[in-house]
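Inspection log for the structure reproduced underneath, given as structure tokens.
The values are calculated or read from the model by the stated rules, or taken from the named source; none is laboratory data. As the structure is a prediction and not an experimental result, all values here were calculated from the model. Cβ sites come from the backbone with ideal geometry, for glycine too, and all protein chains shown count toward neighbours.
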């Protein structure tokens, strides 16, 4: 059988147009079939920025998108109630790294590829975010914000002491101690101390993992280990080179101390990089260097995004419209529109990172560090539905150790481990 | 229609609505407390008094009870002491009505501020590295003080914010009460050459015993609802140094894996303890105010 060049080109064109044809068919069949598309959201810039464009989506499907904005804990509780009780009031759910395991295990969300439009570019997501949004190699939510860790350091302070940007944990510890100068209100380091699975535990976990720590062994808690004691010891030791009050610092305190010019080295979530370059709020504009966290510290991955509820979007049209909403709200075009509106923090796509608009918004060194950290970024927390409870109990114990309320690290961790057995048993 | 009947009829609709709301929510909480319900699952079963018995073995619960009691004592006593001292000071030193009204207006501002906003402002003021208070302390050569990170200071530091809001508000009430007091007993004391502090200690304040007890009760009830202030400023920390019962109930019911039944049992115990305590205090206060 032979094929002419003309025939080949016509076939290729038809194949390329197939998804569009299918979409046109879906739109015609589902137009006006879903009067309301209910979405649970959290007030991130990427979510609130959608308001300006919703009319366009409403017109396309003859529907009305209703986004319910809630605080993080309330959002988690409401979404969990909606799917676990079978109420199914929401077709689109706001997801994050902490509840992915629970939702996938319970079958509450569709695999993303099954519901988003066929022409949707899944491969364009940043690897670090796609990893966090996936379970068992399948991506379940479309991220619009998130990332991993990045090391931010004061180039001027390091240069003045003749210290090269640290590449290993040992080098970083030595640099922090050498740069610590409380008399002149400059501190070597800062970190989160306030309790919470998303607070001190989040920043402590890379140290725990770097020491070889594991959360579970044969389904039982295994984190009250030598690795955890070593990690906690080092974290407390570094806190001696941090601003006063660090024992109860949240991320905001840490970031503000750094951009207030008081801290030499900070490992934080990479979304805070652009904050350092904001001349209206930062005293360290142009003085900050960016690099991946020193080896062997891994990068704590996190991501927030949209998923489609199997409970709320049961029928075909609800699935199609909800899928199209997620595809539209997290598309390359939408990210470009956000960049044009001056929002450089919520970036989830490689094409956006490489765009001229993004390069104008942040230093090239930051983008390089971001791309270099990506492959080292993973979900470091326990991928278990019991995590919120275990993480918060661990956070409480860590805060007690950081503030000196308790001093026996092993005994504190043993107590948390004991309580975790109950939490894990309840989940089973 | 008799006057009493008219009063009863007009009050009945509001009282019925209030009673229904209170009864439904309390019955719901009691029902939940006898189950083992968690937010993550629709399945639950009857567990009897298990949640209550577990609370009696929960060290963190007793710590929260103790912190709640200390919080009540500090904030109620602190508010009244600040209010009395400032009211007497304003009454004695500011004689022009215009200035006195301006001061009262300024004293009302803190209580009009939303609690969350006040908490954020003070959290920043207390910051060891960037806060104004620590700058002043530093200028005095006392070094940075970890107001919110030091377990011994944290509860008092948060209580100061509560006292700042309510103490100044109560000052305004007391200033107005002092202005309306009968002059005869005060003038009699002045004729007896009593000093200013003696006039207030032995004449005016004893005459204000009734209003002061009422203010103390109002503040005691208000202090039970300080969740927002503590949550924003310390989140209950460092450790559990500022974790009151309502905060622990929230952590258990919402934050810590959604154990709503356990949190409900805690709320019911809190309801019982406060109802008993306030009934006793109310009865005692009626005696004191005579």
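The single condition among (1) over 21 Å from residue A:390 (Cα atoms); (2) at pLDDT 90 or above that residue A:136 does not satisfy is (2).
Condition check for residue A:417 on (1) in contact (Cβ under 8 Å) with a residue 24 or more places away in the chain; (2) within 19 Å of the chain's Cα centre (by Cα): one failure, at (2).
So is residue A:393 within 12 Å of chain B (Cβ to nearest Cβ), surrounded by 14 or more Cβ atoms within 10 Å (Cβ to Cβ) and part of a loop (DSSP other than H, G, I, E, B) or not? Judged against the criteria, residue A:393 is not a match. Do we find a residue being under 22 Å from residue B:218 (Cβ atoms), touching a residue at least 24 places away in the same chain (Cβ under 8 Å) and assigned to a helix (DSSP H, G or I) anywhere in region B:124-135? Within region B:124-135, none of the residues are under 22 Å from residue B:218 (Cβ atoms), touching a residue at least 24 places away in the same chain (Cβ under 8 Å) and assigned to a helix (DSSP H, G or I). Here is the figure for region A:292-303: residues that are over 18 Å from the mean Cα position of the chain (by Cα) and surrounded by 20 or more Cβ atoms within 10 Å (Cβ to Cβ) total 1.
Restricting attention to region B:79-108, the residues being buried (at least 19 other Cβ atoms within 10 Å of the Cβ) and under 19 Å from residue B:200 (Cα atoms) number 9. Checking the stated criteria, residue A:186 turns out to be at negative phi, in contact with a strand residue (DSSP E or B) (Cβ under 9 Å, 6 or more places away or on another chain) and surrounded by fewer than 20 Cβ atoms within 10 Å (Cβ to Cβ).
Among residues of region A:189-222 being touching a strand residue (DSSP E or B) at 6+ places or on another chain (Cβ under 8 Å) and over 22 Å from residue A:251 (Cα atoms), the one that is farthest from the other protein chains (Cβ to nearest Cβ) is A:222. Which one is nearest to the chain's Cα centre (by Cα) among residues in region A:380-389 that are closer than 15 Å to residue A:102 by Cβ and either facing chain B (nearest Cβ under 8 Å) or assigned to a loop (DSSP other than H, G, I, E, B) (or both)? Filtering first and then ranking leaves A:381. Hey, does region B:71-92 have a residue that's farther than 30 Å from residue B:204 by Cα and without any contact (Cβ under 8 Å) to a residue 60 or more places away in the chain? No: region B:71-92 contains no residue that is farther than 30 Å from residue B:204 by Cα and without any contact (Cβ under 8 Å) to a residue 60 or more places away in the chain.
Counting only residues that are assigned to a helix (DSSP H, G or I) and out of contact with any helix residue (DSSP H, G or I) (no Cβ under 9 Å at 6 or more places or on another chain), region B:19-49 holds 8 of them. Restricting to region A:393-411, name every residue that is touching a residue at least 12 places away in the same chain (Cβ under 8 Å) and over 18 Å from residue A:191 (Cβ atoms). If the condition is that a residue be touching a residue at least 12 places away in the same chain (Cβ under 8 Å) and over 18 Å from residue A:191 (Cβ atoms), then A:393, A:410 are the ones that fit. So, restricting to helices (runs of 4 or more DSSP H) that lie completely within region B:154-272, which ones have at least 2 residues that are away from chain A (no Cβ under 14 Å)? Counting at least 2 such residues, we get B:154-179, B:184-191, B:196-199, B:209-223, B:245-250. A count restricted to region A:342-375 and to residues that are touching a helix residue (DSSP H, G or I) at 6+ places or on another chain (Cβ under 8 Å) and either assigned to a helix (DSSP H, G or I) or more than 17 Å from residue A:277 (Cα to Cα) (or both) stands at 19.
The requirement of being loosely packed, with under 13 Cβ neighbours inside 10 Å and modelled with pLDDT under 90 is satisfied by residue B:142.
How many of the residues making up region A:251-294 are within 14 Å of chain B (Cβ to nearest Cβ), farther than 20 Å from residue A:181 by Cβ and assigned to a helix (DSSP H, G or I)? Of the residues in that region, 3 qualify. Right, residue B:147: buried (at least 17 other Cβ atoms within 10 Å of the Cβ), within 23 Å of residue B:81 (Cα to Cα) and either within 14 Å of chain A (Cβ to nearest Cβ) or without any contact (Cβ under 8 Å) to a residue 40 or more places away in the chain (or both) or not? Judged against the criteria, residue B:147 is a match.
For the criterion of being buried (at least 18 other Cβ atoms within 10 Å of the Cβ) and closer than 25 Å to residue B:146 by Cβ, residue A:401 passes. When restricted to residues that are modelled with pLDDT of 85 or more and in contact with a helix residue (DSSP H, G or I) (Cβ under 7 Å, 6 or more places away or on another chain), region A:75-86 contains 0.
Matching residues to (1) surrounded by 21 or more Cβ atoms within 10 Å (Cβ to Cβ); (2) at positive phi; (3) over 20 Å from the mean Cα position of the chain (by Cα):
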site	(1), (2), (3)
A:320	yes, no, yes
A:326	yes, no, no
A:339	no, no, no
A:353	no, no, no
A:357	no, no, yes
A:364	no, no, yes
A:378	no, no, no
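Scanning region A:67-82 for residues that are surrounded by 14 or more Cβ atoms within 10 Å (Cβ to Cβ) and either in a loop (DSSP other than H, G, I, E, B) or more than 14 Å from chain B (Cβ to nearest Cβ) (or both) gives A:67, A:68, A:69.
Does region B:33-57 hold any residues that are surrounded by 15 or more Cβ atoms within 10 Å (Cβ to Cβ) and within 30 Å of residue B:151 (Cα to Cα), and which are they?
Within region B:33-57, the first condition is being surrounded by 15 or more Cβ atoms within 10 Å (Cβ to Cβ), and the residues that meet it are B:33-41, B:47, B:50-52, B:55.
Within region B:33-57, B:51, B:52, B:55 qualify.
For region A:396-409, the criterion of being touching a strand residue (DSSP E or B) at 6+ places or on another chain (Cβ under 6 Å) and closer than 30 Å to residue A:217 by Cβ is met by none of the residues.
Filter region B:2-32 down to the residues that are within 26 Å of the chain's Cα centre (by Cα) and surrounded by 13 or more Cβ atoms within 10 Å (Cβ to Cβ) and list them by number. Of everything in region B:2-32, those that are within 26 Å of the chain's Cα centre (by Cα) and surrounded by 13 or more Cβ atoms within 10 Å (Cβ to Cβ) turn out to be B:26, B:29, B:30. Mind listing just one residue for me: the one in region A:95-114 that is within 15 Å of residue A:326 (Cα to Cα) and part of a loop (DSSP other than H, G, I, E, B) and, of those, farthest from the other protein chains (Cβ to nearest Cβ)? Checking each candidate, the answer is A:111. Taking the condition within 18 Å of residue A:313 (Cβ to Cβ), modelled with pLDDT under 80 and assigned to a helix (DSSP H, G or I), does residue A:26 pass? In short, yes.
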